[in-house]
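S.K.: Structure provided below as structure tokens; questions to follow.
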Amino acid sequence: MGNTDDPVGITCECLQKHIERAAYCTSATLSGDEFREILKLATRRKTFRALGLNHLLQMRDQHEIKLLGHELRSLLVLASKAHPRERRRKCRVALPASRETKGHYK
């Protein structure tokens, strides 16, 4: 699995474009470099193994990788959720300004 300290070589915007294009595809071919970047992020999520994507780890040394549509969509969603920029966005928590507003939503 990838080290979480590795720099991320793919942007959230790029992942989002891939997700939009992959929405209805039955298969897709990615360059090895692009696949490895997406895979590096996707393996950071605990659900990677639960989704049965372990076999993709064996493909990481290939020059081109052909994936089924559902494999690509799963990888892209996991990668986008694991992207450092996306994780920072989720971690923001608004604290109540005073005791009087505690437990109430505005």
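Nothing in this text is a laboratory measurement; each read-out follows from the coordinates by a stated rule. Given the structure is predicted, the values throughout are model-derived calculations rather than measurements. Methodologically, a virtual Cβ is constructed for each residue, glycine included, from the backbone with ideal geometry; neighbour enumeration extends over all protein chains shown.
S.K.: If R₀ is 25 angstrom, what is the calculated FRET efficiency for the pair residue 21 and residue 55, using the beta carbon separation as r and rounding to 0.05?
M.R.: According to the calculation, E is roughly 0.65.
S.K.: Okay, next question. Where Lys and Arg each count +1 and Asp and Glu each count -1, what net charge lies around residue 35 among other residues with Cβ under 13 Å from its Cβ?
M.R.: -2
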